[in-house]
1. Any of 65/230; 196/251; 65/200; 117/213; 16/91; 16/117 with alpha carbons more than 18 Å apart? Name them for me.
2. Sequence neighbours fewer than 8 away in the same chain don't count; with that in mind, list the aspartates and glutamates whose C-alpha is under 19 Å from residue 208.
3. Show the residues, 5+ positions off or on another chain, whose built amide H is closer than 5 Å to the amide H of residue 123.
4. Any idea what the relative contact order of the stretch 2-219 is, in percent, if you count C-alpha pairs under 8 Å spaced at least 6 apart?
5. Using the number of other C-beta atoms within 10 angstrom as an exposure proxy, rank 285, 40, 264 with the fewest first.
6. Counting Lys and Arg as +1 and Asp and Glu as -1, each charge on the Cβ, what is the dipole of the chain about the Cα centre in debye, to the nearest 20?
7. Do you know the relative contact order of the stretch 223-281, to the nearest whole percent, from alpha carbon pairs under 8 angstrom that are 6+ apart?
8. In what order do 233, 64 fall by count of nearby beta-carbon atoms within 10 Å, going from fewest to most?
Amino acid sequence: MENQTESAAAGQNNGKWGEYVTVDFDEGIAWVTLNRPKQRNAINPGIVWEMNAIMDALEEDDRCKVMVVTGAGESFSAGMDLKEYFRATDKVPPIQRERLFRANAAWQWRRMMYFPKPTISMVNGWCFGGAFQFLVGCDLAIASEDAIFGLSEINWGIIPAGIVTKSVLETMSFRDAMYYIMTGETFTGQQAADMKLVNKAVSPDELKAETRKLAMTLIGKNPFVLRQAKTACRFTRDLTWEQAGEYLMAKSDQTELRDPENGRNTGMSQFLDEKSFRPGLGAYRRD
Ligand code: COA
């Protein structure tokens with residue numbers, strides 16, 4: 001067991017998945033499910049390596065137009081695995097631990113934030129600690145209204161590290177972030193929606209249908225322009241007004257030049273010449 005954990009920390013899974021994470025394709029949606037329900041989908045090294053392999057594969061798999069991340073059973077994710085991710089790696093050579101931590105940062109936020117396709121977190125249950133990283137790393141999030149969220153780090157003697165503190169400061173108000181980081185109190189999916197940590201909360205029965213509806217809306221848009229728009233959101237946030245103005249003009253030119261669908265002209269033509277659609281009310285026809 002000790003050796004298995006060490007080799008998992010070293011990243012020896014050969015780019016495979018299916019043991020800890022499953023992927024199901026369905027009409028353009030890739031449902032990516034963390035699959036350790038007995039451990040409440042706590043993130044162990046196996047999930048880390050499998051998620052990196054999955055993201056490598058899905059970015060160029062046409063069956064995936066939108067990636068949804070969720071958890072099997074009653075939990076979204078109980079955060080980092082205290083036994084396999086933390087305690088077990090205290091004993092491995094630092095170079096291996098650092099490689100694991102880098103790989104975890106890669107899938108949870110460095111790659112997730114700039115993944116070329118839209119991403120949605122579907123929060124079906126428990127969501128703790130490190131799970132906030134990929135919750136926020138995804139572009140959009142829908143929660144079950146009875147899901148339970150918590151920044152539990154303070155309860156067991158650590159600070160919300162990785163990039164959790166930054167993630168919550170980016171999405172919650174400063175007061176809410178400080179409150180939940182300092183108290184470790186839990187809050188519900190409905191409260192998460194009220195605080196805008198997730199886009200909306202729905203009943204558990206509606207969760208999958210509502211997530212699918214959102215994914216299908218995104219699938220109806222021009223995928224290249226969608227990619228440009230989400231990347232621009234991520235970068236513009238940290239720019240000054242002047243820098244943002246310059247960057248967005250350049251990004252807009254790049255989008256027009258590189259869009260394989262030539263969407264801007266198609267949309268204009270359908271609106272102005274054919275008078276067959278109204279941009280204010282939906283996406284242009286992508287035949
Ligand atoms: N790391 C390692 N193991 C975890 C885990 C975690 N983050 N979360 C749950 N597990 C394991 C438990 O150790 C237990 O293992 P066992 O069956 O071998 O004893 C199993 O998952 C079930 O957990 P349990 O606590 O019995 O389930 P529960 O439904 O009563 O409670 C939680 C669910 C999520 C509230 C509780 O497991 C918990 O507090 N987990 C830690 C959450 C946390 O602080 N995460 C932040 C990490 S950064």
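1. 196/251; 65/200; 16/91; 16/117
2. 24, 26, 27, 74, 139, 145, 146
3. 142, 143, 144
4. 19 percent
5. 285, 264, 40
6. The dipole magnitude comes to about 220 debye.
7. After rounding, I find 27 percent.
8. 233, 64
Bear in mind these aren't lab numbers, they're just calculated from the coordinates by the rules spelled out. What you see is a predicted model, and the numbers here were worked out from it, not measured in a lab. No Cβ is skipped: glycine too gets one built from the backbone with ideal geometry, and neighbour counts run over all protein chains shown.
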